[in-house]
Structures are given as structure tokens and as C-alpha cells.
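Shown next, in C-alpha cells, is the structure this report addresses.
What follows is calculated from the coordinates using simple rules that are stated; it is not laboratory data. These numbers were taken from a predicted model, which means no experiment stands behind them. Positions of Cβ are backbone-derived with ideal geometry, glycine not excepted, and every protein chain shown enters the neighbour counts.
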Amino acid sequence: MRQQRAAVRPRVRGTERSVARRAELIAIGRKLFADTSYDALSMDDIARQAHVAKGLIYYYFQSKRGYYLAIIQDSVADLVTFAASGLELPAVDRVHRTIDSYLRFAEHHQAAYRTIVSGGVGFDTEVHAIRDGVREAIIATIAEGAYGRSDIAPLARMGLLSWVCSVEGATLDWIDRPGLSRDTMRDLLVKTLGGALRAVEELEPSYTAPPPARREG
């Protein structure tokens, strides 16, 4: 029995080291691709700037695309988790916080954001799935704040989805032509959300739009 336990422990430690090493490579990749497009960096460039052997990246991610997808997934994970949290906050504060974190992500991970919104390299179903996950997290956050639940009728969901899609396009333009501060951009998007919620109420009266709320500061 002792021999069996001794044989298992090294594998567990090896797994932990592998997980830590993979996470380290992803953290390095997030910095490298923060404002650099997928095509602009070769695997040789990545290995050199990361100070690792190219084979190590292939070992953990199989390909450059696999590495990039892992980086994008890791980048948006915090955003999705953040959007789903803060249920204890007043609805307006939660909406402001979620939109602000969304804009921060786009501002600080511009290349990754463009990839997610534009669909990746060609028609990339995996990148689309990542984008759809972000959309659904934001829709759920807004629905919880506006209606007290995330399981909403198709018309209400479509109203929120149309707003999210407009946010994507506006945010792309904002990071390309940063003429507005993030605070101003956030407040503008919050106000356009109010218009979307009122449009939903007009077509589906059971989905009453929350009254406009004033936030200080």
C-alpha cells in the first residue's frame, strides 16, 4: 500500500506543476497579445519574448491557435465572472460596474477584444462561442437588474441582445478612436440601455423598464 501511495504522489505534484506552468504561459501570452494581433506574432517571436522553448508552448497548447484561444478564454473568464457577481449591489450600481469592467477589458486587451467581436481568424466557431458566452453573461446581468430574473421572454432577450451588439460596435470604434473618456463612454452606454429597456416595455408591457436612476459621483 505504501508503494502505491508513493507512486501516486509524484504524479499529483507533476500535475500541479503542469497546471502552474500552463497558467504561467497563459499569463505571459496575455501580455504579449494585449495589443498585438494574432498574425503579428510568430511562434518564434512568442517563444523568444516569453523566454521559453517553442516546444514547451506546443506541448501545452498543440498549436499557435490553441495557445491564442486559451489566452482569450482566460482573458474573458474574469470578465464573465465579474458580470455574474455583485448581486447584493443596487441594480444601477451593478450595471455601471459591469459596463465599466467591459470597457476596461476592451481598453487593456484590444487585440483580444477585436478578435472576440470580429470572430477570430476567419470564421472561428470557438471564438464565436467565447463571444456568445460574454454576451449571455452581460444579458443575464442586465436582466437580473432590470427584471429580477435572467429567464426572460424572447422579445426582452432580443432587446437586450441588440443593445449588447451595439455596445460591441461602439466599443470597437472607441478603442480605435479614443476621443471619449471611459467614464463618459460608460454613462453613454448606460443611457442607451435605458432606451432599449423602454422599447421592450412598449412592445411587451409586462416587462416594465426600471425608472431612470441618478448616481452620484
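What's the Kirkwood radius of the stretch 44-104 in Å, using all Cα pairs?
Numbers: mean 1/r = 0.0719 Å⁻¹.
About 13.9 Å for the stretch 44-104.
Multiply the residue gap between R198 and A53 by 0.36 nm, knock off their C-alpha separation, and tell me the result in nm, one decimal place. Could the numbers behind the result be given before it?
Working: separation 145, 0.36 × 145 = 52.20 nm, distance 5.53 nm.
Gain on extension, R198 to A53, equals 46.7 nm.
Would you mind pulling out the separation of the Cα centroids of the stretch 25-68 and the stretch 148-207, in Å?
35
Relative contact order for the stretch 136-217 using alpha-carbon pairs under 8 Å, separation at least 6, rounded to a whole percent?
Working: 50 pairs, mean separation 25.4, N = 82.
Contact order relative to length: 31 percent.
Which ³J(HN,Hα) values, rounded to whole Hz and listed in residue order, are derived for the stretch 48-57 from phi using the Karplus coefficients 6.51, -1.76 and 1.60 in 6.51 cos²θ - 1.76 cosθ + 1.60 with θ = phi - 60°, glycine and proline given as x?
Along the stretch 48-57, the couplings run 5, 6, 7, 6, 9, 6, 4, x, 5, 5 Hz.
Name the lysines eligible as straight-distance cross-link partners of K54: C-alpha to C-alpha under 20 Å, and not fewer than 8 places from it in the same chain.
Output for K54: K31, K64.
Each residue of the stretch 160-172 in order: what ³J(HN,Hα) in whole Hz does its phi give by Karplus 6.51 cos²θ - 1.76 cosθ + 1.60, θ = phi - 60°, with x for Gly and Pro?
6, 5, 5, 5, 4, 5, 5, 4, 4, x, 5, 5, 4
Can you give me the three principal axis dimensions of the stretch 42-174 from its C-alpha atoms, in Å, biggest first?
Per principal axis, max minus min of the Cα coordinates gives 51, 30, 27 Å.
Starting with the highest mean, order 164-177, 97-110 by the number of other Cβ atoms within 10 Å, averaged over the residues of each peptide.
Details: 164-177: 15.3, 97-110: 19.3.
Averaged packing, sorted descending, gives the order 97-110, 164-177.
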